[in-house]
Amino acid sequence: MTTTHRERIKACINGEMTDRTPVALWRHFPEEDQNPETLAAATLKFQQAYDFDIVKVTPASSFAVKDWGVEDEWQNNPEGSRAYTKRVIQKPQDWETLKPLDPTAPHLAAQLKCLKLVRDGIGADTPVLQTIFNPISQAKNLAGNDLLLEHIKKHPEAVMKGLETITKTTVKFIEAVQDSGADGIFYAVQHAQGHMLELDEYKKLCLPYDQESLKAAEGFWCNLLHLHGKDVYFSLLRLLNVHIVNWHDRETYPSLSEAQSVHRGVLCGGIRQDTLYSGDPEQVKKEAADAIQQTKGKKFILGTGCVVYYQSAHENIMAVRKSVE
(Lines give C-alpha, C1' and ligand atoms only; values in the text may rest on other atoms or scores of the structure.)
Protein backbone atom coordinates (compact mmCIF):
# COMPACT_ATOMS: atom_id res chain seq x y z
CA MET A 1 0.00 0.00 0.00
CA THR A 2 1.41 3.39 -1.03
CA THR A 3 1.82 6.03 1.67
CA THR A 4 0.45 9.43 0.64
CA HIS A 5 2.29 12.67 1.35
CA ARG A 6 -0.42 13.59 3.85
CA GLU A 7 -0.10 10.28 5.71
CA ARG A 8 3.70 10.58 5.78
CA ILE A 9 3.68 14.13 7.20
CA LYS A 10 0.99 13.25 9.76
CA ALA A 11 3.03 10.24 10.91
CA CYS A 12 6.15 12.42 11.11
CA ILE A 13 4.36 15.02 13.27
CA ASN A 14 3.05 12.23 15.52
CA GLY A 15 6.59 10.91 16.03
CA GLU A 16 5.86 7.65 14.23
CA MET A 17 8.26 5.81 11.94
CA THR A 18 7.74 6.74 8.28
CA ASP A 19 8.41 4.67 5.17
CA ARG A 20 11.05 7.27 4.20
CA THR A 21 12.23 10.68 5.37
CA PRO A 22 9.75 13.37 4.25
CA VAL A 23 11.17 16.07 1.97
CA ALA A 24 10.00 19.56 0.96
CA LEU A 25 11.55 22.51 -0.86
CA TRP A 26 9.92 25.76 -1.93
CA ARG A 27 10.89 28.77 -4.03
CA HIS A 28 9.74 32.18 -5.22
CA PHE A 29 8.34 32.72 -8.70
CA PRO A 30 9.26 36.40 -9.09
CA GLU A 31 7.33 37.14 -12.26
CA GLU A 32 4.49 34.63 -12.02
CA ASP A 33 3.65 35.81 -8.49
CA GLN A 34 1.92 38.96 -9.75
CA ASN A 35 -1.17 37.01 -10.78
CA PRO A 36 -3.07 34.30 -8.87
CA GLU A 37 -3.48 32.04 -11.90
CA THR A 38 0.18 32.18 -12.97
CA LEU A 39 1.51 31.70 -9.43
CA ALA A 40 -0.80 28.71 -8.94
CA ALA A 41 0.31 27.22 -12.27
CA ALA A 42 4.02 27.71 -11.42
CA THR A 43 3.51 26.16 -7.97
CA LEU A 44 1.75 23.14 -9.45
CA LYS A 45 4.44 22.71 -12.15
CA PHE A 46 7.19 22.76 -9.49
CA GLN A 47 5.36 20.09 -7.49
CA GLN A 48 4.74 17.94 -10.57
CA ALA A 49 8.47 18.04 -11.31
CA TYR A 50 9.66 16.98 -7.83
CA ASP A 51 6.74 15.42 -5.93
CA PHE A 52 7.52 16.89 -2.51
CA ASP A 53 5.66 15.94 0.67
CA ILE A 54 4.49 19.51 1.37
CA VAL A 55 3.52 22.24 -1.08
CA LYS A 56 4.15 25.77 0.19
CA VAL A 57 2.44 28.58 -1.68
CA THR A 58 5.08 31.32 -1.89
CA PRO A 59 3.76 34.72 -2.99
CA ALA A 60 5.83 37.91 -2.98
CA SER A 61 5.96 39.27 0.57
CA SER A 62 4.13 42.38 -0.66
CA PHE A 63 0.86 40.44 -1.10
CA ALA A 64 0.09 41.07 2.57
CA VAL A 65 0.69 44.84 2.46
CA LYS A 66 -0.09 45.97 -1.09
CA ASP A 67 -3.66 46.81 -0.14
CA TRP A 68 -2.17 49.43 2.21
CA GLY A 69 -0.43 51.03 -0.76
CA VAL A 70 3.15 49.71 -0.96
CA GLU A 71 4.72 48.99 -4.35
CA ASP A 72 7.54 46.66 -5.41
CA GLU A 73 9.37 45.45 -8.50
CA TRP A 74 11.46 42.52 -9.66
CA GLN A 75 15.19 43.42 -9.58
CA ASN A 76 16.79 39.99 -10.15
CA ASN A 77 17.41 39.08 -6.51
CA PRO A 78 18.78 35.49 -6.59
CA GLU A 79 16.33 34.42 -3.85
CA GLY A 80 13.48 35.50 -6.12
CA SER A 81 12.15 38.15 -3.73
CA ARG A 82 11.01 41.52 -5.05
CA ALA A 83 12.36 44.96 -4.03
CA TYR A 84 10.10 47.54 -2.39
CA THR A 85 9.90 50.81 -4.34
CA LYS A 86 7.24 52.61 -2.29
CA ARG A 87 6.60 52.49 1.47
CA VAL A 88 3.56 53.89 3.24
CA ILE A 89 4.92 54.55 6.74
CA GLN A 90 6.98 57.76 6.83
CA LYS A 91 6.38 59.20 10.30
CA PRO A 92 5.39 57.68 13.68
CA GLN A 93 1.79 58.90 13.40
CA ASP A 94 1.32 56.81 10.25
CA TRP A 95 1.26 53.63 12.37
CA GLU A 96 -1.75 54.95 14.26
CA THR A 97 -3.78 55.79 11.15
CA LEU A 98 -3.37 52.33 9.58
CA LYS A 99 -6.79 50.72 9.06
CA PRO A 100 -7.49 46.94 9.27
CA LEU A 101 -7.94 45.12 5.96
CA ASP A 102 -10.58 42.55 5.14
CA PRO A 103 -9.65 39.35 3.25
CA THR A 104 -11.80 40.69 0.40
CA ALA A 105 -9.24 43.48 -0.24
CA PRO A 106 -7.94 42.99 -3.83
CA HIS A 107 -4.43 41.59 -3.20
CA LEU A 108 -5.45 39.45 -0.21
CA ALA A 109 -8.40 38.09 -2.18
CA ALA A 110 -6.10 37.33 -5.13
CA GLN A 111 -3.86 35.27 -2.86
CA LEU A 112 -6.84 33.32 -1.54
CA LYS A 113 -7.84 32.63 -5.14
CA CYS A 114 -4.33 31.35 -5.87
CA LEU A 115 -4.48 29.13 -2.77
CA LYS A 116 -7.78 27.60 -3.89
CA LEU A 117 -6.36 26.91 -7.35
CA VAL A 118 -3.35 25.17 -5.82
CA ARG A 119 -5.53 23.20 -3.41
CA ASP A 120 -7.76 21.99 -6.24
CA GLY A 121 -4.81 21.22 -8.49
CA ILE A 122 -2.76 19.33 -5.89
CA GLY A 123 -5.58 17.17 -4.59
CA ALA A 124 -6.26 16.00 -1.06
CA ASP A 125 -3.23 13.69 -0.64
CA THR A 126 -0.60 16.44 -0.31
CA PRO A 127 -0.51 19.08 2.46
CA VAL A 128 -0.72 22.68 1.24
CA LEU A 129 0.64 25.58 3.33
CA GLN A 130 -0.02 29.30 2.82
CA THR A 131 2.82 31.71 3.60
CA ILE A 132 2.00 34.23 6.35
CA PHE A 133 4.49 36.95 7.25
CA ASN A 134 4.28 37.75 10.95
CA PRO A 135 3.07 41.24 11.94
CA ILE A 136 6.52 42.74 12.59
CA SER A 137 7.72 41.48 9.17
CA GLN A 138 4.73 43.14 7.56
CA ALA A 139 5.56 46.32 9.50
CA LYS A 140 9.08 46.17 8.05
CA ASN A 141 7.61 45.96 4.56
CA LEU A 142 5.39 48.98 5.23
CA ALA A 143 8.18 51.20 6.58
CA GLY A 144 11.54 49.74 5.60
CA ASN A 145 13.62 48.00 8.26
CA ASP A 146 15.81 50.95 9.26
CA LEU A 147 12.83 53.25 9.86
CA LEU A 148 10.94 50.50 11.67
CA LEU A 149 13.83 49.90 14.08
CA GLU A 150 14.19 53.67 14.61
CA HIS A 151 10.48 53.97 15.42
CA ILE A 152 10.71 50.99 17.79
CA LYS A 153 13.46 52.78 19.74
CA LYS A 154 11.85 56.24 19.79
CA HIS A 155 8.10 55.66 19.36
CA PRO A 156 7.28 52.08 20.50
CA GLU A 157 3.66 52.91 21.42
CA ALA A 158 2.94 54.12 17.88
CA VAL A 159 4.52 50.99 16.37
CA MET A 160 2.44 48.79 18.66
CA LYS A 161 -0.73 50.55 17.49
CA GLY A 162 0.27 49.63 13.94
CA LEU A 163 1.07 46.04 14.95
CA GLU A 164 -2.40 45.71 16.49
CA THR A 165 -3.96 46.71 13.16
CA ILE A 166 -1.68 44.38 11.19
CA THR A 167 -2.47 41.51 13.58
CA LYS A 168 -6.24 42.01 13.20
CA THR A 169 -5.78 41.85 9.43
CA THR A 170 -3.54 38.76 9.71
CA VAL A 171 -5.98 36.89 11.95
CA LYS A 172 -8.86 37.50 9.53
CA PHE A 173 -6.71 36.38 6.62
CA ILE A 174 -5.63 33.18 8.42
CA GLU A 175 -9.31 32.39 9.06
CA ALA A 176 -9.98 32.85 5.34
CA VAL A 177 -7.01 30.60 4.52
CA GLN A 178 -8.61 27.85 6.59
CA ASP A 179 -11.84 28.26 4.64
CA SER A 180 -9.81 27.91 1.42
CA GLY A 181 -8.81 24.35 2.27
CA ALA A 182 -5.18 24.76 3.33
CA ASP A 183 -3.66 22.29 5.81
CA GLY A 184 -1.57 24.88 7.61
CA ILE A 185 0.43 28.06 7.42
CA PHE A 186 4.12 28.75 6.88
CA TYR A 187 4.66 31.47 9.50
CA ALA A 188 7.69 33.58 8.59
CA VAL A 189 9.50 35.33 11.47
CA GLN A 190 12.34 37.66 10.45
CA HIS A 191 13.18 39.79 13.52
CA ALA A 192 13.86 37.09 16.13
CA GLN A 193 17.61 37.34 15.59
CA GLY A 194 20.38 38.96 17.58
CA HIS A 195 21.33 41.86 15.32
CA MET A 196 17.69 43.00 14.90
CA LEU A 197 16.18 43.09 18.39
CA GLU A 198 17.19 42.00 21.89
CA LEU A 199 15.31 38.92 23.06
CA ASP A 200 13.45 40.90 25.74
CA GLU A 201 12.53 43.51 23.12
CA TYR A 202 11.17 40.82 20.84
CA LYS A 203 9.17 39.23 23.65
CA LYS A 204 7.61 42.55 24.61
CA LEU A 205 6.99 44.05 21.18
CA CYS A 206 6.44 41.10 18.83
CA LEU A 207 5.64 37.91 20.72
CA PRO A 208 2.07 38.83 21.78
CA TYR A 209 1.14 39.47 18.13
CA ASP A 210 2.79 36.20 17.05
CA GLN A 211 0.81 34.33 19.69
CA GLU A 212 -2.43 35.99 18.63
CA SER A 213 -1.79 35.21 14.97
CA LEU A 214 -0.87 31.58 15.66
CA LYS A 215 -3.93 31.15 17.89
CA ALA A 216 -6.01 31.82 14.76
CA ALA A 217 -4.13 28.93 13.11
CA GLU A 218 -4.84 26.36 15.83
CA GLY A 219 -7.45 24.66 13.65
CA PHE A 220 -4.74 23.54 11.22
CA TRP A 221 -2.81 20.29 11.68
CA CYS A 222 0.39 21.28 9.83
CA ASN A 223 1.77 24.70 10.86
CA LEU A 224 5.40 25.44 10.05
CA LEU A 225 7.38 28.27 11.70
CA HIS A 226 10.34 29.71 9.78
CA LEU A 227 12.96 31.49 11.90
CA HIS A 228 14.85 33.60 9.39
CA GLY A 229 18.46 34.73 9.69
CA LYS A 230 21.38 34.11 12.04
CA ASP A 231 21.66 34.09 15.84
CA VAL A 232 17.96 33.25 15.99
CA TYR A 233 16.05 33.11 19.27
CA PHE A 234 15.27 29.40 19.15
CA SER A 235 14.06 29.52 22.76
CA LEU A 236 10.93 31.36 21.56
CA LEU A 237 9.60 28.02 20.33
CA ARG A 238 8.59 27.21 23.90
CA LEU A 239 6.14 30.11 23.67
CA LEU A 240 4.80 29.46 20.16
CA ASN A 241 2.44 26.65 19.22
CA VAL A 242 3.58 25.10 15.92
CA HIS A 243 4.10 21.58 14.54
CA ILE A 244 7.29 22.12 12.49
CA VAL A 245 10.22 24.54 12.74
CA ASN A 246 12.56 25.53 9.90
CA TRP A 247 15.70 27.68 10.22
CA HIS A 248 19.18 28.08 8.67
CA ASP A 249 20.50 25.11 10.64
CA ARG A 250 23.77 24.91 8.67
CA GLU A 251 24.59 28.56 9.40
CA THR A 252 23.38 29.32 12.92
CA TYR A 253 22.74 27.70 16.30
CA PRO A 254 21.27 25.20 16.90
CA SER A 255 22.35 22.32 14.70
CA LEU A 256 19.71 19.72 13.91
CA SER A 257 21.02 17.33 16.58
CA GLU A 258 21.12 20.14 19.18
CA ALA A 259 17.61 21.25 18.23
CA GLN A 260 16.15 17.80 18.81
CA SER A 261 17.05 18.09 22.48
CA VAL A 262 15.23 21.42 22.95
CA HIS A 263 12.24 21.18 20.59
CA ARG A 264 9.65 18.41 20.75
CA GLY A 265 8.16 19.12 17.34
CA VAL A 266 9.35 18.33 13.83
CA LEU A 267 12.54 19.88 12.44
CA CYS A 268 12.88 20.91 8.81
CA GLY A 269 16.21 21.68 7.12
CA GLY A 270 19.59 20.10 6.51
CA ILE A 271 20.61 21.61 3.15
CA ARG A 272 22.33 24.97 2.65
CA GLN A 273 20.74 27.39 0.19
CA ASP A 274 24.20 27.97 -1.28
CA THR A 275 24.78 24.25 -1.79
CA LEU A 276 21.62 24.02 -3.86
CA TYR A 277 22.55 27.18 -5.76
CA SER A 278 26.27 26.77 -6.43
CA GLY A 279 27.13 23.24 -5.31
CA ASP A 280 26.76 19.94 -7.12
CA PRO A 281 24.55 16.86 -6.60
CA GLU A 282 27.23 15.04 -4.62
CA GLN A 283 27.51 17.90 -2.12
CA VAL A 284 23.72 17.97 -1.84
CA LYS A 285 23.55 14.24 -1.16
CA LYS A 286 26.32 14.53 1.47
CA GLU A 287 24.45 17.24 3.40
CA ALA A 288 21.19 15.29 3.12
CA ALA A 289 22.77 12.10 4.45
CA ASP A 290 24.36 14.00 7.34
CA ALA A 291 21.05 15.67 8.23
CA ILE A 292 19.18 12.37 8.27
CA GLN A 293 21.94 10.86 10.42
CA GLN A 294 21.86 13.81 12.88
CA THR A 295 18.12 13.36 13.43
CA LYS A 296 18.05 9.58 12.98
CA GLY A 297 15.31 10.33 10.45
CA LYS A 298 12.75 10.87 13.21
CA LYS A 299 10.50 13.94 13.45
CA PHE A 300 12.48 15.38 10.56
CA ILE A 301 11.68 16.80 7.11
CA LEU A 302 14.59 17.24 4.72
CA GLY A 303 14.62 20.75 3.28
CA THR A 304 16.71 23.91 3.15
CA GLY A 305 17.14 26.80 5.57
CA CYS A 306 14.98 29.10 3.47
CA VAL A 307 13.74 29.38 -0.12
CA VAL A 308 15.56 27.65 -2.97
CA TYR A 309 17.30 30.29 -5.11
CA TYR A 310 15.24 30.51 -8.28
CA GLN A 311 18.25 29.69 -10.52
CA SER A 312 19.27 26.58 -8.57
CA ALA A 313 20.06 23.67 -10.87
CA HIS A 314 17.39 21.07 -11.54
CA GLU A 315 20.00 18.37 -10.86
CA ASN A 316 20.63 19.70 -7.35
CA ILE A 317 16.92 19.91 -6.49
CA MET A 318 16.45 16.40 -7.86
CA ALA A 319 19.38 15.22 -5.74
CA VAL A 320 17.51 16.37 -2.60
CA ARG A 321 14.42 14.49 -3.71
CA LYS A 322 16.36 11.30 -4.49
CA SER A 323 18.26 11.48 -1.18
CA VAL A 324 15.23 10.15 0.70
CA GLU A 325 14.46 7.24 -1.62
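The values are calculated or read from the model by the stated rules, or taken from the named source; none is laboratory data. Remember, predicted model here, so these are calculated numbers, not experimental data. Cβ sites come from the backbone with ideal geometry, for glycine too, and all protein chains shown count toward neighbours.
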| field | Cβ-Cβ under 8 Å pairs, at least 6 apart or on other chains, segment 28-40 side over 21 Å from residue 306 (Cα atoms) and among the polar types (S, T, N, Q), far side at pLDDT 95 or above and assigned to a helix (DSSP H, G or I) | value | 35/110; 38/32
| remark: Checked segment 248-294 for anything more than 20 Å from the chain's Cα centre (by Cα) and within 22 Å of residue 10 (Cα to Cα); matches are 257, 260, 261, 262, 288, 291, 292, 293, 294
| If you go through segment 231-252 one residue at a time, do you hit one that is among the basic types (Lys, Arg), modelled with pLDDT of 95 or more, within 20 Å of residue 25 (Cα to Cα) and crowded, with 20+ Cβ neighbours inside 10 Å? | no
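Among the listed residues 64, 109, identify the single one that is aliphatic (A, V, I, L, M) and in contact with a strand residue (DSSP E or B) (Cβ under 6 Å, 6 or more places away or on another chain).
Of the residues listed, the single one that is aliphatic (A, V, I, L, M) and in contact with a strand residue (DSSP E or B) (Cβ under 6 Å, 6 or more places away or on another chain) is 64.
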| Among the candidates 225, 276, 302, residue that is closer than 20 Å to residue 51 by Cα and not in a helix (DSSP H, G or I) | 302
| field | Residues that are closer than 20 Å to residue 222 by Cβ, in contact (Cβ under 8 Å) with a residue 40 or more places away in the chain and in contact with a helix residue (DSSP H, G or I) (Cβ under 9 Å, 6 or more places away or on another chain), drawn from segment 261-280 | value | 265, 266
| request: Hey, can you tell me all the residues within segment 181-219 that are touching a Gly at 6+ places or on another chain (Cβ under 9 Å), crowded, with 17+ Cβ neighbours inside 10 Å and in a loop (DSSP other than H, G, I, E, B)? | output: 190, 191, 192, 196, 217
| query | When residue 135 is evaluated against the numbered criteria (1) in contact with a helix residue (DSSP H, G or I) (Cβ under 7 Å, 6 or more places away or on another chain); (2) more than 24 Å from residue 158 (Cβ to Cβ), which criterion, by number, is the only one it fails? | reply | (2)
| note | Heads up, the helices (runs of 4 or more DSSP H) in segment 96-180 (entirely inside) with at least 3 residues that are surrounded by fewer than 18 Cβ atoms within 10 Å (Cβ to Cβ) are 106-122, 145-154, 156-179
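Against the definition (crowded, with 19+ Cβ neighbours inside 10 Å and outside any loop (DSSP other than H, G, I, E, B)), how does residue 40 come out, yes or no? Working first, answer last.
On the way: crowded, with 19+ Cβ neighbours inside 10 Å: yes; outside any loop (DSSP other than H, G, I, E, B): yes.
Yes: the conditions hold for residue 40.
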| request: Determine whether residue 177 is touching a residue at least 24 places away in the same chain (Cβ under 8 Å), under 21 Å from residue 305 (Cβ atoms), in contact with a Phe, Trp or Tyr (Cβ under 9 Å, 6 or more places away or on another chain) and not small (Gly, Ala, Ser). | output: no
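Here is a yes/no grid of residues against (1) touching a His at 6+ places or on another chain (Cβ under 7 Å); (2) under 22 Å from residue 224 (Cα atoms); (3) β-branched (Val, Ile, Thr):
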{"position": "7", "(1), (2), (3)": "no, yes, no"}
{"position": "45", "(1), (2), (3)": "no, no, no"}
{"position": "70", "(1), (2), (3)": "no, no, yes"}
{"position": "90", "(1), (2), (3)": "no, no, no"}
| task | Looking only at segment 68-93, count how many residues are surrounded by 19 or more Cβ atoms within 10 Å (Cβ to Cβ) and in a helix (DSSP H, G or I). | result | 1
